[in-house]
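Only one structure is covered here, and it is reproduced in the block below.
The values are calculated or read from the model by the stated rules, or taken from the named source; none is laboratory data. This one's a predicted model, so the numbers in the text were calculated from it and none came from an experiment. All Cβ positions, glycine included, derive from the backbone under ideal geometry; neighbour counts span all protein chains shown.
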Amino acid sequence: MCKIIRAIKAAKSDNITVLPIVGILGVRKTALAKLVYKDPRVERKFERIWVWVSNIFDEVRVTREILDVVTMASHEGSRNRESYEGVSNYSKLLEVLKKHMACLSKKFLLVLDDVCDCMVNSLWKDLLDALGSSCTKGNVIIVTTRNLSIPKRLGTIKPVELRALGNNAFLQLFRACAFGDNNYKEHLDTSLQICAKLKGNPLAAKSAVEMLREQPTLDHWKTSLRMVFGNLCSSVEAS
């Protein structure tokens with residue numbers, strides 16, 4: 001987190017700094033972005049905006065949600081909101097956004113959470129252009145994504161890459177969640193095989209533990225290993 005905050009504080013350019021956070025599902029990209037977003041050092045310096053993007057980049061919804069925050073940054077937020085009430089045309093919304101961005105007194109931090117690869121480059125450039133109407137320097141966009149192509153397309157500085165846990169750390173996490181204070185020594189070999197199937201993915205581990213703790217017998221674990229865990233990690237990553 002400190003690395004990201006240092007990068008944010010170092011941003012002083014007229015251009016918007018775009019910092020991607022990239023990693024597979026379950027490595028807590030959103031959680032990391034939230035820690036940065038809620039940090040008092042960030043809160044003091046930035047007008048903060050958070051938008052969940054999801055599998056489909058709905059440019060109208062995203063722009064309206066940005067406007068909802070930007071307009072409330074002024075003392076006449078409710079009246080400003082009337083300027084785009086009922087507007088569903090992307091180009092018109094961008095024009096409204098430009099006007100409001102030009103009135104911001106603080107620099108902004110925008111988090112676009114869970115950006116997928118379907119974001120059209122031209123739509124992104126148009127949004128970036130409107131956001132760039134801000135008179136302040138050092139504005140930042142954080143993009144969280146599972147797609148390795150997004151940092152190359154959108155990022156302006158080196159991305160933060162969150163990787164799956166290493167074998168030892170993942171085994172410790174898995175055993176702590178699965179066993180709690182109990183010590184099932186006879187489960188160790190099967191635990192190692194299950195962890196190998198889960199490939200260090202914490203979200204897959206959580207799903208696995210929920211299943212295994214229902215019936216913590218060794219036979220159940222071995223049956224689950226044969227029948228379930230070969231596909232569990234792949235299904236989690238694809239979701």
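Here's the yes/no breakdown for (1) free of Cβ contacts under 8 Å to residues at least 12 places away in the same chain; (2) farther than 14 Å from Phe108 by Cα; (3) in the same structural domain as Leu93 (by TED's automatic domain parsing); (4) among the charged types (D, E, K, R):
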{"residue": "Ile8", "(1), (2), (3), (4)": "no, no, yes, no"}
{"residue": "Lys29", "(1), (2), (3), (4)": "no, yes, yes, yes"}
{"residue": "Arg44", "(1), (2), (3), (4)": "yes, no, yes, yes"}
{"residue": "Trp50", "(1), (2), (3), (4)": "no, no, yes, no"}
{"residue": "Val53", "(1), (2), (3), (4)": "no, yes, yes, no"}
{"residue": "Ala73", "(1), (2), (3), (4)": "no, no, yes, no"}
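Here Ser134 passes the criteria (1) polar (S, T, N, Q); (2) at negative phi; (3) surrounded by fewer than 17 Cβ atoms within 10 Å (Cβ to Cβ) except the one numbered (3).
Taking the criterion of being at pLDDT 85 or above, surrounded by fewer than 19 Cβ atoms within 10 Å (Cβ to Cβ) and either part of a helix (DSSP H, G or I) or aromatic (Phe, Trp, Tyr) (or both), the residues of the range 75-93 that qualify are Tyr90, Ser91, Lys92.
Counting only helices (runs of 4 or more DSSP H) that fall entirely inside the range 8-73 and contain at least 3 residues that are surrounded by 15 or more Cβ atoms within 10 Å (Cβ to Cβ), the qualifying elements are 29-38, 59-72. Can you find even one residue in the range 98-110 that is without any contact (Cβ under 8 Å) to a residue 40 or more places away in the chain and among the charged types (D, E, K, R)? Yes - at least one qualifying residue is present in the range 98-110.
Can you find a residue in the range 147-168 that is assigned to a helix (DSSP H, G or I), closer than 25 Å to Leu188 by Cα and in contact (Cβ under 8 Å) with a residue 12 or more places away in the chain? It would help to see each step written out before you state the result.
First, pick out the residues of the range 147-168 that are assigned to a helix (DSSP H, G or I): 149-154, 167-168.
Filter once more, so that each one left must be closer than 25 Å to Leu188 by Cα: 167-168.
Okay, now just the ones that are also in contact (Cβ under 8 Å) with a residue 12 or more places away in the chain, so 167.
Yes.
Restricting the range 43-74 to residues that are modelled with pLDDT under 95 and of a type in the set (S, T, N, Q), the residue that is farthest from the chain's Cα centre (by Cα) is Ser74.
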